[in-house]
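> Below you will find the structure I want to go over with you.
The values are calculated or read from the model by the stated rules, or taken from the named source; none is laboratory data. On a predicted model such as this, the values are computed, not experimentally measured, just so you know. Neighbour counts are summed over all protein chains in view; Cβ atoms, including those assigned to glycine, are modelled from backbone coordinates with ideal geometry.
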């Protein structure tokens, strides 16, 4: 697998894991039942897999580059929350997304 593909997959999967954790936390059971439901456990499993992807990606990608791209996870989480959790994107969140994307663009130009 290409190192940049592993990094990208890790970023996208992190967004899905966050949504699964949120859905798991929204369960109707007790705290313990919510902690051990399939959504929560799947989210944690994805985070474990993302760790493996990141270790692989860091073999060939500079940490500063990967850290800059990892910031796009925030944008991805906001989009997925809007799509799957029906959360609203307010002006501050939209501005934050724009600034993150601009920061990544500027970073990659330097």
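> Kindly provide the set of residues from region 64-93 that are assigned to a helix (DSSP H, G or I) and more than 17 Å from the chain's Cα centre (by Cα), ordered by number.
64, 91, 92
> Quick one: count up the residues across region 34-47 that are part of a helix (DSSP H, G or I), more than 10 Å from residue 17 (Cα to Cα) and at pLDDT 90 or above.
Total satisfying the criteria: 1.
> Follow-up question, since we're still on this one. Is it the case, given these coordinates, that residue 73 is within 30 Å of residue 103 (Cα to Cα), crowded, with 18+ Cβ neighbours inside 10 Å and modelled with pLDDT of 90 or more?
yes
> If you check residue 46 against the conditions, is it without any contact (Cβ under 8 Å) to a residue 24 or more places away in the chain and within 11 Å of the chain's Cα centre (by Cα)?
For residue 46, the condition - without any contact (Cβ under 8 Å) to a residue 24 or more places away in the chain and within 11 Å of the chain's Cα centre (by Cα) - is not met.
> Only one of (1) under 20 Å from residue 80 (Cα atoms); (2) buried (at least 17 other Cβ atoms within 10 Å of the Cβ) fails for residue 38. Which number is that?
(2)
> Taking the condition of being crowded, with 16+ Cβ neighbours inside 10 Å and more than 16 Å from residue 15 (Cα to Cα), how many residues in region 76-110 meet it?
Count: 1.
> Can you tell me how many residues in region 64-82 are in contact (Cβ under 8 Å) with a residue 60 or more places away in the chain, in contact with a helix residue (DSSP H, G or I) (Cβ under 6 Å, 6 or more places away or on another chain) and more than 17 Å from residue 50 (Cα to Cα)?
Residues meeting the conditions: 1.
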